[in-house]
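Contents: one structure, followed by commentary.
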Amino acid sequence: MNHVRDDTDASSILATVEDDVLHLIDLALAEDAGSGDVTSKWIVPARTRVQAEVVAKADGVIAGVTPARAVFLRLDPRVDSNVLADDGVRVSAGDVVLTVRGPGRAILTGERIALNFLQRLSGVATVTRRFVDAIAGTNTRILDTRKTTPAWRTLEKAAVRAGGGVNHRQGLFDAVLIKDNHIAIAGSIPEAIRRIREHNTKGLPVIVEVRTLDELDAALDEQVDRLLLDNMNTGMMREAVRRTRARENPPALEASGNMSVDRVAKVARTGVDFISVGALTHSAPALDLSLRILRQ
C-alpha cells in the first residue's frame, strides 16, 4: 500500500462530490435508513464512538472512495476518515482501504451504503484494469459506453478512469454518434452526415458506426472524426485500418461489439485506436469488501 490520504474536514470532502452524486447518496440513505436505523439506535448508546476499517477481501482496483466517505458525513459530519488505498490503487485480499472513526451509530448506519458504492465502483475499476492490462504494449485504448447503471454514470465513468480506461461521450449531448438506426431513417450515411452538419454549430465530434467495408468507404468520403467498426471480425478490422490509414487526415478507429478480455489483444493488434467495452459497466461483478469495528 503506497498511498495515504487524510483530509478529514467534512466540508472539504463534501465539496469534491458532485451534486448529482450527493443526491444519489441521499436517495440511497433514505431508501436504507428510512425513518431510522432501529437496530443501531437500540443497541448503541448515542455517545458511543468507534473506530473501524474497510478491508479488501479479494484482489482488485479501488474506486469510489470519496462517495463512500461522503455517505458517513451525510449522516454525521463528526466522522473522520483516513484513505489508505485511493481510487486507482491495486489492493490484495487483506489490505485496508479506508479507516473511519466517530459516532458509532452513524458508522453502522452508513456501513452498507458506503460499501455498496465502494464494491460496485471498485468492481468496474477492476474489470477495466483487466482489459487495459490485456492490451498492454499497444497504442490502443479501452473505452467505456453508455451501458451504465441509471443515474450512476458519473460514478461509473470515474471508476473506468480509475481502472485505466478512457471515457467515451458522457451522454447524447456532447458528441454525435450516427448509428445504424439513424442511417436507416436518413436513408444513407452521406445523408445522415449532411443533416448533422446542418445543425452542428458547436462543432461536436462526429462518429459514424459502420458494419461493412462498403459503409466504411462511404463514411471515409465524408471526413468525420471517428469511425466505429461494429461487430467486424479481425480480418475486416485489419482491412478497415489499411483503408483508413491510406486516406489523408484519417479519422480515428474504434472497434466495438462482443469484446472480451480474451479477444481484445487480437483486436488491438489490428491497429484500431480504441476498443469500446460495454461489459466494463453492465457486467462488472462487485469487489468483495467489508467493514469491521476495531474498538470502541
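Each reported figure results from applying straightforward, stated rules to the coordinates on display, with no laboratory input. None of the values given here were measured: they were computed from a predicted structure. Positions of Cβ are backbone-derived with ideal geometry, glycine not excepted, and every protein chain shown enters the neighbour counts.
When the chain is described by a simple charge dipole with +1 on each Lys and Arg Cβ and -1 on each Asp and Glu Cβ, the residue from Ala70, Ser256, Val50 located farthest towards its positive end is Val50. Dipole size of segment 133-282 about its Cα centre, with +1 on Lys/Arg Cβ and -1 on Asp/Glu Cβ: approximately 340 debye, rounded to the nearest 20.
Please give the FRET efficiency for Leu14 paired with Leu213, using the beta carbon to beta carbon distance and R0 = 45 Å, rounded to the nearest 0.05.
The value I calculate is 0.30.
Coupling constants for segment 139-145 follow from the phi torsions by the Karplus curve (6.51 cos²θ - 1.76 cosθ + 1.60, θ = phi - 60°), and in residue order they are 9, 7, 10, 8, 10, 8, 9 Hz; glycine and proline get x. Between Leu289 and Lys57, the built amide H atoms are under 5 Å apart, and every one of these is 5 or more places off in sequence or on another chain. Between Ala159, Ala279, Ala46, the GNM of the chain built on Cα springs shorter than 10 angstrom shows Ala46 fluctuating the most. Over the Cα atoms of segment 79-172, the radius of gyration divided by the Kirkwood radius equals 1.04; this is the Rg/Rh ratio. For segment 133-282, the C-alpha radius of gyration divided by 2.2 N^0.38 Å, with N the number of residues, is 1.03.
How do Arg197, Arg292, Arg105 line up, fewest other C-beta atoms within 10 Å first?
Fewest to most other Cβ atoms nearby, the residues stand as Arg292, Arg197, Arg105.
How large is log10 of I(q)/I(0) for segment 1-157 at q = 0.10, 0.14 Å⁻¹ when the intensity is taken from the Debye formula with one equal scatterer per alpha-carbon? Taken in order of the listed q values, log10 I(q)/I(0) reads -0.38, -0.73.
Only Lys, Arg, Asp and Glu carry charge here, each on its Cβ (+1 for the first two, -1 for the last two); on that basis the chain has a dipole of about 540 debye about its Cα centre. The structure shown yields volume of the Cα convex hull per residue in Å³, and of the options [x] 170; [y] 239; [z] 147 that calculated value carries the label [z]. Comparing mean-square fluctuations of Leu121, Leu29, Leu143 from a GNM of the chain with C-alpha springs under 10 Å, the top value falls on Leu29. Taking every lysine pair in the chain that is 8 or more places apart or spans two chains, those with Cα atoms closer than 28 Å amount to 11. Shape of segment 116-158 from the C-alpha gyration tensor: oblate (a/c of 1.5 or more and a/b not above b/c, with a ≥ b ≥ c the square roots of its eigenvalues). Expressed to the nearest 5 percent, the antiparallel share of DSSP beta bridges inside the chain is 50 percent. Using the charge dipole of the chain (Lys, Arg: +1 at Cβ; Asp, Glu: -1 at Cβ; taken about the Cα centre), state which of Gly102, Ser276, Leu294 has its Cα farthest towards the positive end. Towards the positive end, the residue furthest out is Leu294. Between Val261 and Arg146, the distance separating the two model label sites (each 7 Å from Cα on the Cα→Cβ line) works out to 2.9 nm. Counting other Cβ atoms within 10 Å as a rough exposure proxy, the listed residues Glu191, Glu248 run Glu248, Glu191 from fewest neighbours to most. Between segment 121-139 and segment 221-296, the C-alpha centres lie 11 angstrom from each other. Net length available on complete extension from Ala175 to Asp76 is 31.6 nm, with 0.36 nm assigned per residue and the Cα-Cα distance removed.
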